[in-house]
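Data first, discussion second: the structure below is written as C-alpha coordinates.
The values are calculated or read from the model by the stated rules, or taken from the named source; none is laboratory data. This one's a predicted model, so the numbers in the text were calculated from it and none came from an experiment. No Cβ is skipped: glycine too gets one built from the backbone with ideal geometry, and neighbour counts run over all protein chains shown.
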Amino acid sequence: MTMDIPFIFELRPPDFIPSRFDNHIIRTLGSMEGQYLDQQAFASLLVEDDRVLYEVYETQRPHNSGELLNGVTFLHPGLVGDEYNMTKGHFHQVANTAEVYLCLKGQGYMVMENLQGEWAVEALLPGRVLYVPPFWAHRSVNSSLEEDLVFFFVYPGHAGHDYGTIERQGFRKLVLHSKAGPQIVDNPRWQPVKV
Ligand code: S6P
Ligand code: ZN
(Lines give C-alpha, C1' and ligand atoms only; values in the text may rest on other atoms or scores of the structure.)
(Ligands and ions follow the chains in the order given, each with its own letter.)
Protein backbone atom coordinates (compact mmCIF):
# COMPACT_ATOMS: atom_id res chain seq x y z
CA MET A 1 0.00 0.00 0.00
CA THR A 2 1.48 3.35 -1.02
CA MET A 3 -1.71 5.37 -0.87
CA ASP A 4 -0.57 7.65 1.96
CA ILE A 5 2.78 8.70 0.47
CA PRO A 6 2.66 12.32 -0.69
CA PHE A 7 4.33 11.70 -4.04
CA ILE A 8 2.76 14.76 -5.56
CA PHE A 9 0.92 17.92 -4.67
CA GLU A 10 0.11 20.99 -6.73
CA LEU A 11 1.32 24.47 -5.88
CA ARG A 12 -0.28 26.85 -8.29
CA PRO A 13 -0.91 30.56 -8.68
CA PRO A 14 -2.68 32.72 -7.85
CA ASP A 15 -3.11 31.57 -4.25
CA PHE A 16 -0.44 28.81 -3.92
CA ILE A 17 -2.40 26.93 -1.23
CA PRO A 18 -1.02 23.38 -1.59
CA SER A 19 -3.53 20.89 -2.95
CA ARG A 20 -2.50 18.44 -0.25
CA PHE A 21 -1.13 19.02 3.27
CA ASP A 22 -1.17 17.37 6.69
CA ASN A 23 -0.71 20.26 9.12
CA HIS A 24 -1.90 23.84 9.01
CA ILE A 25 0.02 25.83 11.63
CA ILE A 26 -1.19 29.33 12.53
CA ARG A 27 1.13 31.75 14.34
CA THR A 28 -0.34 34.87 15.88
CA LEU A 29 1.24 38.06 17.20
CA GLY A 30 1.14 36.62 20.73
CA SER A 31 3.83 34.07 19.83
CA MET A 32 6.32 36.91 19.08
CA GLU A 33 6.72 38.21 22.64
CA GLY A 34 10.02 40.09 23.00
CA GLN A 35 10.94 39.89 19.29
CA TYR A 36 9.85 43.27 17.95
CA LEU A 37 11.93 46.37 18.62
CA ASP A 38 8.96 48.59 19.50
CA GLN A 39 7.62 46.69 22.49
CA GLN A 40 5.01 49.33 23.22
CA ALA A 41 3.56 49.05 19.72
CA PHE A 42 3.63 45.26 20.11
CA ALA A 43 1.76 45.41 23.43
CA SER A 44 -0.96 47.76 22.19
CA LEU A 45 -1.51 45.79 18.97
CA LEU A 46 -1.79 42.59 21.00
CA VAL A 47 -4.44 44.11 23.29
CA GLU A 48 -6.42 45.16 20.21
CA ASP A 49 -6.22 41.86 18.38
CA ASP A 50 -3.96 38.79 18.55
CA ARG A 51 -3.82 38.87 14.77
CA VAL A 52 -2.60 36.03 12.54
CA LEU A 53 0.96 36.77 11.35
CA TYR A 54 1.67 33.69 9.30
CA GLU A 55 0.43 30.25 8.31
CA VAL A 56 2.43 27.15 7.45
CA TYR A 57 1.07 24.21 5.44
CA GLU A 58 3.24 21.15 6.07
CA THR A 59 3.52 17.76 4.50
CA GLN A 60 4.07 15.33 7.35
CA ARG A 61 6.92 12.82 7.02
CA PRO A 62 8.85 10.86 9.65
CA HIS A 63 11.39 13.03 11.43
CA ASN A 64 14.46 11.07 10.42
CA SER A 65 17.57 11.95 8.45
CA GLY A 66 16.55 10.18 5.27
CA GLU A 67 13.42 12.28 4.89
CA LEU A 68 12.85 15.80 3.61
CA LEU A 69 10.22 17.90 5.36
CA ASN A 70 8.54 20.45 3.16
CA GLY A 71 5.67 22.85 2.96
CA VAL A 72 4.56 26.38 2.19
CA THR A 73 4.59 29.47 4.41
CA PHE A 74 2.23 32.45 3.97
CA LEU A 75 3.56 35.48 5.83
CA HIS A 76 0.85 38.13 5.95
CA PRO A 77 1.62 41.83 5.45
CA GLY A 78 1.67 44.34 8.28
CA LEU A 79 3.76 46.39 10.68
CA VAL A 80 4.55 46.35 14.37
CA GLY A 81 5.81 49.88 14.92
CA ASP A 82 8.19 50.36 11.96
CA GLU A 83 9.04 46.67 11.73
CA TYR A 84 7.54 44.43 9.11
CA ASN A 85 5.67 41.24 9.93
CA MET A 86 8.17 38.43 10.29
CA THR A 87 8.49 34.80 11.35
CA LYS A 88 9.85 33.82 14.76
CA GLY A 89 13.07 32.55 13.23
CA HIS A 90 15.21 29.70 14.47
CA PHE A 91 18.34 27.65 14.31
CA HIS A 92 17.80 24.02 13.50
CA GLN A 93 18.14 21.86 16.60
CA VAL A 94 20.54 19.64 14.69
CA ALA A 95 22.51 22.74 13.77
CA ASN A 96 24.45 21.35 10.81
CA THR A 97 21.33 20.97 8.68
CA ALA A 98 20.61 23.28 5.75
CA GLU A 99 17.36 24.40 4.15
CA VAL A 100 16.20 25.55 0.72
CA TYR A 101 13.50 28.16 0.12
CA LEU A 102 11.78 28.96 -3.18
CA CYS A 103 9.89 32.25 -3.14
CA LEU A 104 6.56 31.98 -4.97
CA LYS A 105 4.89 35.33 -4.35
CA GLY A 106 5.34 38.73 -2.74
CA GLN A 107 8.46 40.50 -1.63
CA GLY A 108 10.57 40.25 1.46
CA TYR A 109 13.87 39.29 2.99
CA MET A 110 15.56 36.39 4.68
CA VAL A 111 17.56 37.53 7.69
CA MET A 112 20.31 35.08 8.62
CA GLU A 113 23.22 34.79 11.03
CA ASN A 114 25.47 32.26 12.66
CA LEU A 115 27.11 32.02 16.07
CA GLN A 116 30.47 33.09 14.59
CA GLY A 117 29.14 36.63 14.02
CA GLU A 118 28.48 36.37 10.29
CA TRP A 119 25.15 37.67 8.99
CA ALA A 120 23.31 38.06 5.68
CA VAL A 121 20.05 39.66 4.58
CA GLU A 122 18.88 38.48 1.15
CA ALA A 123 15.85 39.62 -0.83
CA LEU A 124 13.08 37.10 -1.43
CA LEU A 125 11.32 37.62 -4.75
CA PRO A 126 9.16 35.31 -6.88
CA GLY A 127 11.26 32.66 -8.62
CA ARG A 128 14.26 33.22 -6.35
CA VAL A 129 15.80 30.22 -4.59
CA LEU A 130 17.51 30.87 -1.26
CA TYR A 131 19.92 28.46 0.41
CA VAL A 132 20.25 28.58 4.20
CA PRO A 133 23.58 26.93 5.02
CA PRO A 134 24.06 24.59 8.01
CA PHE A 135 24.48 26.44 11.35
CA TRP A 136 22.69 29.60 10.15
CA ALA A 137 19.58 30.92 11.94
CA HIS A 138 16.91 32.22 9.57
CA ARG A 139 13.87 34.50 9.76
CA SER A 140 11.69 35.71 6.89
CA VAL A 141 10.31 39.25 6.71
CA ASN A 142 7.42 40.49 4.53
CA SER A 143 8.37 43.93 3.20
CA SER A 144 5.15 44.38 1.23
CA LEU A 145 2.40 46.14 3.10
CA GLU A 146 -0.20 44.72 0.72
CA GLU A 147 0.34 41.09 -0.16
CA ASP A 148 1.47 37.84 1.42
CA LEU A 149 5.04 36.64 1.14
CA VAL A 150 4.71 33.01 0.04
CA PHE A 151 7.54 30.47 -0.14
CA PHE A 152 8.11 26.74 -0.44
CA PHE A 153 10.70 25.25 1.94
CA VAL A 154 12.46 21.91 2.28
CA TYR A 155 14.84 20.70 5.00
CA PRO A 156 16.14 17.43 6.48
CA GLY A 157 13.69 15.33 8.47
CA HIS A 158 15.86 15.16 11.60
CA ALA A 159 16.66 18.93 11.74
CA GLY A 160 14.22 19.98 14.49
CA HIS A 161 13.90 23.60 15.63
CA ASP A 162 15.74 25.63 18.26
CA TYR A 163 13.60 28.73 18.86
CA GLY A 164 15.05 29.48 22.31
CA THR A 165 18.38 30.92 21.16
CA ILE A 166 16.68 33.53 18.98
CA GLU A 167 14.04 34.25 21.64
CA ARG A 168 16.88 35.13 24.01
CA GLN A 169 19.27 36.99 21.71
CA GLY A 170 17.21 38.19 18.74
CA PHE A 171 18.74 38.69 15.30
CA ARG A 172 21.63 41.10 14.70
CA LYS A 173 19.76 42.83 11.89
CA LEU A 174 16.23 44.21 11.62
CA VAL A 175 14.31 45.23 8.50
CA LEU A 176 12.40 48.45 9.10
CA HIS A 177 9.84 50.24 6.96
CA SER A 178 10.62 53.79 5.83
CA LYS A 179 9.33 56.15 3.16
CA ALA A 180 12.50 55.43 1.19
CA GLY A 181 11.80 51.69 1.32
CA PRO A 182 12.97 48.85 3.58
CA GLN A 183 16.04 49.64 5.71
CA ILE A 184 18.38 47.00 7.11
CA VAL A 185 19.60 48.23 10.50
CA ASP A 186 21.46 46.93 13.55
CA ASN A 187 19.22 45.55 16.27
CA PRO A 188 20.03 47.61 19.38
CA ARG A 189 18.54 44.88 21.58
CA TRP A 190 20.67 42.07 20.14
CA GLN A 191 22.76 40.32 22.76
CA PRO A 192 24.77 37.14 22.40
CA VAL A 193 23.60 34.14 24.33
CA LYS A 194 26.07 33.19 27.07
CA VAL A 195 27.31 29.63 26.72
C1 S6P B 1 11.38 25.24 8.87
C2 S6P B 1 11.36 26.40 7.92
C3 S6P B 1 9.98 27.09 7.73
C4 S6P B 1 9.55 27.88 8.97
C5 S6P B 1 8.32 28.71 8.74
C6 S6P B 1 7.91 29.47 9.98
O7 S6P B 1 12.66 24.82 9.17
O8 S6P B 1 12.38 27.32 8.18
O9 S6P B 1 9.04 26.17 7.49
O10 S6P B 1 9.25 26.98 9.99
O11 S6P B 1 8.55 29.61 7.70
O12 S6P B 1 8.98 30.07 10.64
P13 S6P B 1 9.30 29.75 12.15
O14 S6P B 1 10.59 30.45 12.43
O15 S6P B 1 8.17 30.21 12.98
O16 S6P B 1 9.44 28.24 12.25
ZN1 ZN C 1 14.32 26.26 9.21
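Picking from residues in the stretch 58-93 that are of a type in the set (Ser, Thr, Tyr) and surrounded by fewer than 21 Cβ atoms within 10 Å (Cβ to Cβ), the one that is farthest from Pro14 (Cα to Cα) is Ser65.
Looking at the structure I just gave you, is Gly164 more than 12 Å from ligand 2 (Cβ to nearest atom) and touching a residue at least 60 places away in the same chain (Cβ under 8 Å)?
Working: more than 12 Å from ligand 2 (Cβ to nearest atom): yes; touching a residue at least 60 places away in the same chain (Cβ under 8 Å): no.
Criteria not met by Gly164.
Failed condition for Val129, given (1) among the hydrophobic types (A, V, I, L, M, F, W, C); (2) away from ligand 1 (no atom under 13 Å from the Cβ); (3) closer than 25 Å to Gln40 by Cα, with all others met? Val129 satisfies all of (1) among the hydrophobic types (A, V, I, L, M, F, W, C); (2) away from ligand 1 (no atom under 13 Å from the Cβ); (3) closer than 25 Å to Gln40 by Cα except (3).
State whether the residues of the stretch 34-45 include one that is charged (D, E, K, R), surrounded by 15 or more Cβ atoms within 10 Å (Cβ to Cβ) and either under 21 Å from Leu145 (Cα atoms) or more than 15 Å from ligand 2 (Cβ to nearest atom) (or both). Before you say what the answer is, go through the steps one by one.
Going through the stretch 34-45, the residues charged (D, E, K, R) turn out to be 38.
Then drop every residue that is not surrounded by 15 or more Cβ atoms within 10 Å (Cβ to Cβ), which leaves 38.
Filter again for either under 21 Å from Leu145 (Cα atoms) or more than 15 Å from ligand 2 (Cβ to nearest atom) (or both), leaving 38.
Among the residues of the stretch 34-45, at least one is charged (D, E, K, R), surrounded by 15 or more Cβ atoms within 10 Å (Cβ to Cβ) and either under 21 Å from Leu145 (Cα atoms) or more than 15 Å from ligand 2 (Cβ to nearest atom) (or both), which makes the answer yes.
Of all residues being among the hydrophobic types (A, V, I, L, M, F, W, C) and more than 10 Å from ligand 1 (Cβ to nearest atom) in the stretch 150-186, which is farthest from Gly30 (Cα to Cα)? Just the residue, please. Quick ask: steps written out before the conclusion?
If we filter the stretch 150-186 for residues that are among the hydrophobic types (A, V, I, L, M, F, W, C), which is where we start, we get 150-154, 159, 166, 171, 174-176, 180, 184-185.
Narrowing the set further to residues that are more than 10 Å from ligand 1 (Cβ to nearest atom) leaves 150, 171, 174-176, 180, 184-185.
On the way: Val150: 21, Phe171: 19, Leu174: 19, Val175: 20, Leu176: 20, Ala180: 29, Ile184: 24, Val185: 24 Å.
The extreme case among them is Ala180.
The test for being within 11 Å of ligand 1 (Cβ to nearest atom), hydroxyl-bearing (Ser, Thr, Tyr), under 14 Å from the mean Cα position of the chain (by Cα) and modelled with pLDDT of 95 or more holds for Tyr101.
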